[in-house]
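Okay, structure first, notes after.
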Amino acid sequence: MMNNLSTRQKALIDACKKFHTTCDVGCDHGYIGVSLLKNKKTNFLIATDISAPSVHKTEVLLKQHNLQNYASIRVGDGLETVKSSENVEQIIIAGMGGKEIVHILSEYKSLKKTKHFVFQPMNELQVFRKYLSDNNIKIQKDIVIFDKKFYHIITAKPQENSSLSPFRQKWGAKTKDRNKDYFLWLAEKEKKLTKILNNLPKNNEKEKEILKCLNDIKRIKATKGAKKC
């Protein structure tokens, strides 16, 4: 593994499995893809980005590590440069908004052929999880990691009957995935919601929604150490 990776990048690499072909969407500098090749977590990398300068940085990094023959670098939006005949087994989409990732996935014709997904949506997590649930993509792990800020890392795979309850769509992780950082994130969210609630005028229309969220958080905290939720 490369030495200059952030905690977030290391967590993304750890979330990946070993497959022949991996596509890194929004590859940016190429650190994730190059690390996967060096760690032999993939035999071939497709690195795409809408930004030509970012794609160039990935190309330079691959050459520095003599890995250019094991990768295809492409400029394009989302997965539009990937052909269905390429049999991409693993897809990584990190650092984008939840709705943006939904758009990318909804435009990809070979979604059900993919064996493993690694996602790191920056926002709109409830919308994103609902999309996965509605489209038979089952969440395998849903964790939080702290790296100067909180990040949600979700792994998933195509699977029938993958419905997710509205509660899980909103709050994510199953009990077994709720690590220390998850509860730190939850505590921060509780603090922010409580502050908003205390500053609301009486009978404000948002009061009911905030109280429900705070009650949900209380319910989750009560399950800490439990086997099911």
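The values are calculated or read from the model by the stated rules, or taken from the named source; none is laboratory data. These numbers were taken from a predicted model, which means no experiment stands behind them. With ideal geometry, Cβ positions are generated from the backbone for all residues, glycine too; neighbour counts draw on all protein chains shown.
Worth pointing out:
Okay, residues lined up against (1) among the aromatic types (Phe, Trp, Tyr); (2) in contact (Cβ under 8 Å) with a residue 60 or more places away in the chain; (3) within 25 Å of Cys27 (Cα to Cα); (4) in contact with a strand residue (DSSP E or B) (Cβ under 9 Å, 6 or more places away or on another chain):
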{"position": "Leu125", "(1), (2), (3), (4)": "no, no, yes, yes"}
{"position": "Asp134", "(1), (2), (3), (4)": "no, no, no, no"}
{"position": "Val144", "(1), (2), (3), (4)": "no, no, yes, yes"}
{"position": "Ile154", "(1), (2), (3), (4)": "no, no, yes, yes"}
{"position": "Asn179", "(1), (2), (3), (4)": "no, no, no, yes"}
{"position": "Leu200", "(1), (2), (3), (4)": "no, no, no, no"}
{"position": "Asn204", "(1), (2), (3), (4)": "no, no, no, no"}
{"position": "Leu214", "(1), (2), (3), (4)": "no, no, no, no"}
{"position": "Lys221", "(1), (2), (3), (4)": "no, no, no, no"}
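- Taking the criterion of being free of Cβ contacts under 8 Å to residues at least 12 places away in the same chain and either over 15 Å from the mean Cα position of the chain (by Cα) or exposed (fewer than 15 other Cβ atoms within 10 Å of the Cβ) (or both), the residues of the range 66-105 that qualify are Asn66, Gln68, Asn69, Lys83, Ser85.
- Looking only at residues of the range 165-185 that are in a helix (DSSP H, G or I), closer than 18 Å to Phe128 by Cβ and out of contact with any Leu (no Cβ under 9 Å at 6 or more places or on another chain), we find that the one that is modelled with the lowest pLDDT is Asp177.
- Lys109 vs. criteria under 22 Å from Leu79 (Cβ atoms), assigned by TED's automatic domain parsing to the domain that holds Ala15 and surrounded by fewer than 13 Cβ atoms within 10 Å (Cβ to Cβ): yes
- Elements of type helices (runs of 4 or more DSSP H) contained in the range 1-100, each with 1 or more residues being within 23 Å of Tyr131 (Cα to Cα): 7-15
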